[in-house]
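Let me begin by presenting the structure, written as structure tokens, before commenting on it.
The values are calculated or read from the model by the stated rules, or taken from the named source; none is laboratory data. Computed from a predicted model, the values in this text were never measured in an experiment. Backbone-built Cβ (ideal geometry, glycine too); neighbour counts: all protein chains shown. Just so you know, the surface numbers come from the protein's heavy atoms only, side chains and all, with ligands and any DNA or RNA stripped out. Shrake-Rupley method; radii C 1.70, N 1.55, O 1.52, S 1.80 Å.
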Amino acid sequence: MTVNFDVLCAGYIAKKSILKDGSENLRIGEVQNRLLFWSQQFGCTPIDQITADMVDDALVALSNRGKMQPIRNKGSVGLSKPLSSATIARYFSELAGCFKYAKKQKLITRNWIPPTRGADLPEQDDPDTRYFDGAQVANLVKIARMLDIHWGRMTALIEVAFCTGLRSGNLKDLDWCQVDLEQGVVTVDRTKNGDPILAPLSSTAKAELEKLPGKQGLVFAGKTGKAYHWRKLWDRITAEAGFAGYNFHLLRHSCGSAMAKAGVSQANIMSIMGHRSLQASRRYMHLNVAGKQDVVARVFG
């Protein structure tokens, strides 16, 4: 008898809630939301009866549903905004991981072919179009300085995010005790991967941080001292700059792409951005033309 998908999904979520070192997965909420979508689609269907057509239909339903906004005690509501192809790919990846887990646990026959292998994913956007370059970030900072008249920390946030590649969750939790302005570094004790990061600051990021008052508690706190939710302000700034729909996480990708374009090695990009696998940093290496030219010049002249 084959396990039903909802049972598999619940077990997979429980497994992913704990990292390999035994610590809690701080990103489990995002993972759970994606997997719950698939659980709603397939329910109690035995996993060996889920077909590629069913996966395709679910992907269409996901695309038609668009973005959702969680509301406390009220579930989620639709925002009438489309999902990016990258987001849909992340949903698809979670489903593929769930089926791989089923095989690993021998919940299905060894020769079973997962339905994700025959499904059609939407084409990914050209990666280079999803990154900000240095000039574009400078424009975002100028517009942030103009529009952020109440919070007063958005320019520092953008500069720090761009030069360190830190995730928004790490930035929201960043405390002044983790910032060494004299040395120009930020220390993050725990990241998505469970590893610590020592992130050097650019001169502009350091200068913006030095301007901020009250260097105690959270660096990017609101008036109450709790983490500030900058989503609406960010959306307003990007829309004014001509980048409507560009999410904050793109600053992290832009950090990696900027280093790759400057010829920084993949190993150094992995170290600075806290990547555990080569695959995570490989997305930027097609931009590393300078690095490739340098290698050829040194070897062949």
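When segment 30-52 is filtered for residues that are part of a helix (DSSP H, G or I), without any contact (Cβ under 8 Å) to a residue 60 or more places away in the chain and under 16 Å from T116 (Cβ atoms), the ones remaining, listed by number, are F37, S39, Q41, F42, Q49.
Would you tally the residues in segment 89-101 being farther than 17 Å from K15 by Cα and either over 26 Å from the mean Cα position of the chain (by Cα) or open to solvent by 80 Å² or more (accessible area, probe 1.4 Å) (or both)? Don't jump to the end; show me each part of the working.
Taking segment 89-101 first, the residues farther than 17 Å from K15 by Cα are 89-92.
Okay, now just the ones that are also either over 26 Å from the mean Cα position of the chain (by Cα) or open to solvent by 80 Å² or more (accessible area, probe 1.4 Å) (or both), so 90.
Total meeting the criteria: 1.
Going through (1) surrounded by 12 or more Cβ atoms within 10 Å (Cβ to Cβ); (2) at pLDDT 75 or above; (3) not hydroxyl-bearing (S, T, Y) one by one, K104 falls short only on (1).
Contact map, segment 81-94: first residue among the basic types (K, R), second residue modelled with pLDDT of 85 or more, Cβ cut-off under 9 Å, separation 6 or more or different chains; pairs are R90/R34.
For segment 45-63, taking the residues that are farther than 16 Å from I88 by Cβ and among the polar types (S, T, N, Q), the one that is most open to solvent (accessible area, probe 1.4 Å) is identified as Q49.
Residues that are touching a residue at least 40 places away in the same chain (Cβ under 8 Å) and open to solvent by 50 Å² or more (accessible area, probe 1.4 Å): list the helices (runs of 4 or more DSSP H) wholly contained in segment 145-220 that include at least 2 such residues.
On the way: elements: 154-164, 168-172, 203-211.
The helices (runs of 4 or more DSSP H) meeting that bar are 203-211.
Scan segment 18-44 residue by residue and report those that are on the phi > 0 side of the Ramachandran plot and either open to solvent by less than 30 Å² (accessible area, probe 1.4 Å) or among the aromatic types (F, W, Y) (or both). Full working, then the answer.
Here is the first cut: in segment 18-44, the residues on the phi > 0 side of the Ramachandran plot are 22, 43.
Selection gives G43 alone.
When the test is whether a residue is modelled with pLDDT of 65 or more and either on the phi > 0 side of the Ramachandran plot or out of contact with any helix residue (DSSP H, G or I) (no Cβ under 6 Å at 6 or more places or on another chain) (or both), Y228 passes it. Inspect segment 81-88 for any residue being under 18 Å from the mean Cα position of the chain (by Cα), modelled with pLDDT of 80 or more and under 20 Å from P115 (Cα atoms) and give the result as yes or no. The answer is yes; a qualifying residue exists.
Checking the conditions here, which among K67, K81, K15 is under 17 Å from Q105 (Cβ atoms) and surrounded by fewer than 17 Cβ atoms within 10 Å (Cβ to Cβ)?
Details: K67 fails: under 17 Å from Q105 (Cβ atoms); K81 fails: under 17 Å from Q105 (Cβ atoms).
Answer to the selection: K15.
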